[in-house]
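Throughout, read-outs are computed from the coordinates displayed, never taken from laboratory work. Note that the coordinates shown come from a computational prediction; the quantities given were computed from them, not determined experimentally. Cβ: placed from backbone, ideal geometry, glycine included. Neighbour counts: every protein chain shown.
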Amino acid sequence: MIGRLRGAIVPALVYPALCVLAGGNARAAGCSAANQYTFAYTNQATTQLAYATNYTYTATRTAGGSANFTVRMTAADLTGTTVGGETMPRITTLMSGGTARHLTFGGTFSGRTASITGTTRVIVVTFTFATPVVSFTMTADDIDYGANQFRDWVSITGSNGAATYTPTMTTQWGNNNSGTSTATGSSIAFGVRTAAPALTTSAQMAGTATSDIGTAAGRFTLDFPQPVTSVTLRYGNYPGETTTGQQGMGISNIGFCEMPAVTFGKSSAPVTGETGAFNVPGNDVIYTLTVTNPTGTTLDAGSIVLADTLPANVTFRNLAFDGTTSLPVKLVNSAGLTLSATSISYRQNGGTALTYTPVSGYDAQVAALQITPGGELAANSSAVFQFRAQVK
């Protein structure tokens, strides 16, 4: 947004070339509890569901607003869909052993699952979002092992276009279930491990012991910090034995943050000189660059890069912007960002690299500057930068 200079008609060339937000898509550092969208299946009525059917649910947040997501479950090679006397899939209290409801799925596979990423003897549950979300979390229950019946086998991945991601998985024992170590009291092992049950990727987990319904032994939580449009959970029966039996697991709740959408604005205003506050040769102009995060999600450090090319009829002022800073660029409103001398780089006239070191004072060799602030841009806030140049 370009402002009007007070008291004069402003020549267009006084404004710098349009600044750009670089650095790729803005990444998200997360959102506050009030800004996190949450959905719990315990708040849903007990409901019989069906495989190969889409279901749409609505997540809400304390700060206000809602977001829809879709869940689809498919099953391949089940000889039965009954678990614990209930037909799967179903929103039910089966996995809690009490009143808390889960999205529960399972059945009896026709044999052991040969590949958790394959298309046979596997149940696939996919969460889909119309637009990317960040910091997706999920809590699920009852990953365990029943001798000569089943060994729960799970793989979970997230995707956004061609990009795929692996979540961080934890239990109430932290990451002590990862690799070769299994936490005492837990019935889950996850991550790459050579000990039985061997797992080949960090996206996988398997049951190691029995767990009682409704206990923390078979419970895990996962998190995707990256932007995803879908999260896919694949559920099977780990190979190693010939017999199969009823097996199932349940998802209790999910949460996610909205993808940050950064906007940018700029304006200029003349500094009062001998002839007043006019855009005339010899007077300085203050350029104001504003970066706004209108969402409830904080941006990661290093996500913002502001690049600005100066017009030909101004000269960059390489002096302390004012008495509050020693830098030629001032961070007027930080919104969580930081600015140092190393955050500012310059391009010389006729050059292409941002490697020029300007001389003190007014330096006509500065053709462009780039600002790469540190820190994280806070949710629902704006950071404001200013620098000066002299009209030729």
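Structure summary
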| item | result |
| --- | --- |
| Neighbourhood net charge (14 Å Cβ-Cβ; Lys/Arg +1, Asp/Glu -1) for Gly97 | -3 |
| 9 Å beta-carbon shell around Val125, net charge (K/R +1, D/E -1) | +2 |
| For region 225-255 and region 346-389, distance of Cα centres in Å | 49 |
| Overall Cα dimensions of region 32-257 - principal axes, largest extent first, Å | 50, 36, 35 |
| Gaussian network model of the chain, Cα within-10 Å springs - most flexible of Phe224, Phe256, Phe321 | Phe321 |
| Farthest positive-ward along the chain dipole, Cα basis, beta-carbon charges - from Leu222, Gly80, Thr58 | Thr58 |
| Choice from Asn237, Asn293, Asn148 with maximal GNM fluctuation in the chain (Cα, 10 Å cutoff) | Asn148 |
| Charge tally in the Cβ shell below 15 Å around Ala76, where Lys, Arg are +1 and Asp, Glu are -1, Ala76 excluded | +3 |
| Under-5 Å amide H pairs with Thr338, H placed in peptide plane, nonlocal only | Gly374, Gly375 |
| Charge dipole magnitude, Cβ of K and R +1, D and E -1 - region 32-257, Cα centre, debye nearest 20 | 280 |
| Max mean-square fluctuation residue, GNM over the chain, Cα-Cα springs under 10 Å, options Thr92, Thr290, Thr58 | Thr58 |
| Euclidean distance of C-alpha centroids, region 85-100 and region 34-75, integer Å | 16 |
